[in-house]
Amino acid sequence: MAPNKKKQLPSIEEFMPHLAYDSVIFGFNGQQLKILILEYQNTGFFALPGGFVKRNENVDDAVMRGLKERTGLDNIYLEQFHTFGSSSRSAPEIMRTILEANDYDVEDDYWMLDRFVSIAYYALINFNNVEPKPDELSDSISWYPLDQLPPLMMDHQEITEKALEILRDNLDKKLVGMKLLPQKFTMKELQKVYEEILGKKLRRTTFQRKMLSKDILVRHEKLFAGGAHKAPYLYSFKTVQTDQKASSEITHQTIKNTI
């Protein structure tokens, strides 16, 4: 019987050397804010979804390609937030382990073993719209609550923490809730998004008063799920142009002051 033939490695002729991307994909299921984490096959390594940029490809397009492969979605709110380029950002032994665990034969001078600068993005998606799909190097890809993340390889924990910091700073001015909620939502659901991202409880009456005072929401019919006297109103965000004007008036301190 002929020996098994090793799989063909990605070629440096196709991809940009020394350049990678990593994505912090946030999802909200109505109760928790979670992050999408993959586990590399037969290694025990956990990582953010990432990848490499083809020579004929824009960086943003490469990131969108990777996100679509893992989530099935192609209309995702995506923002570049930081570049990670430490001189110590090199882990050839980790990459070799990942590749060899997937039956690749790796030479010592193979380009994927070298140092990489990573451009980091965060994405915001509706938790219920996604069935995560592992890539060819991964055993699994799953949603993890922020306080239950597994140990992440290399500097991926630092990348995650930086993404959460930026997400919190952008919470008001970018109205990220509109990407984590259905088109119509209750005030309670909106407050839950803020609480999960900020990592703290907010006073209901103060939060509602502050949000309504900003003129960024449209009130709709009530959501009748029980007694009529307890039915909450449904809301949606106003048009993009109205949101942009209103969001410029909102500061992060506004939400901090609701505590």
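The single residue among 100, 69, 107 that is under 16 Å from residue 12 (Cα atoms) and out of contact with any strand residue (DSSP E or B) (no Cβ under 7 Å at 6 or more places or on another chain) turns out to be 107.
Say whether the condition of being of a type in the set (Ser, Thr, Tyr), modelled with pLDDT under 90 and touching a Lys or Arg at 6+ places or on another chain (Cβ under 7 Å) is met by at least one residue in region 231-247. For region 231-247, residues of a type in the set (Ser, Thr, Tyr), modelled with pLDDT under 90 and touching a Lys or Arg at 6+ places or on another chain (Cβ under 7 Å): present. Within region 162-215, the set of residues being farther than 28 Å from residue 118 by Cβ, of a type in the set (S, T, N, Q) and crowded, with 16+ Cβ neighbours inside 10 Å comprises 186, 191, 208. So, of the residues in region 76-102 that are in a helix (DSSP H, G or I) and among the β-branched types (Val, Ile, Thr), which turns out to be surrounded by the fewest Cβ atoms within 10 Å (Cβ to Cβ)? Checked region 76-102; the qualifying residue surrounded by the fewest Cβ atoms within 10 Å (Cβ to Cβ) is 94.
Candidates in region 86-119 are the residues that are small (Gly, Ala, Ser) and modelled with pLDDT under 95; of these, the one that is farthest from residue 160 (Cα to Cα) is 101. Taking region 116-165, which residues are in a loop (DSSP other than H, G, I, E, B) and either in contact with a His (Cβ under 7 Å, 6 or more places away or on another chain) or not assigned by TED's automatic domain parsing to the domain that holds residue 39 (or both)? Within region 116-165, 116 is the sole residue that qualifies.
The values are calculated or read from the model by the stated rules, or taken from the named source; none is laboratory data. These numbers come from a predicted model, not from an experiment. In this analysis, Cβ positions are derived from the backbone assuming ideal geometry, glycine residues included, and neighbour counts consider all displayed protein chains.
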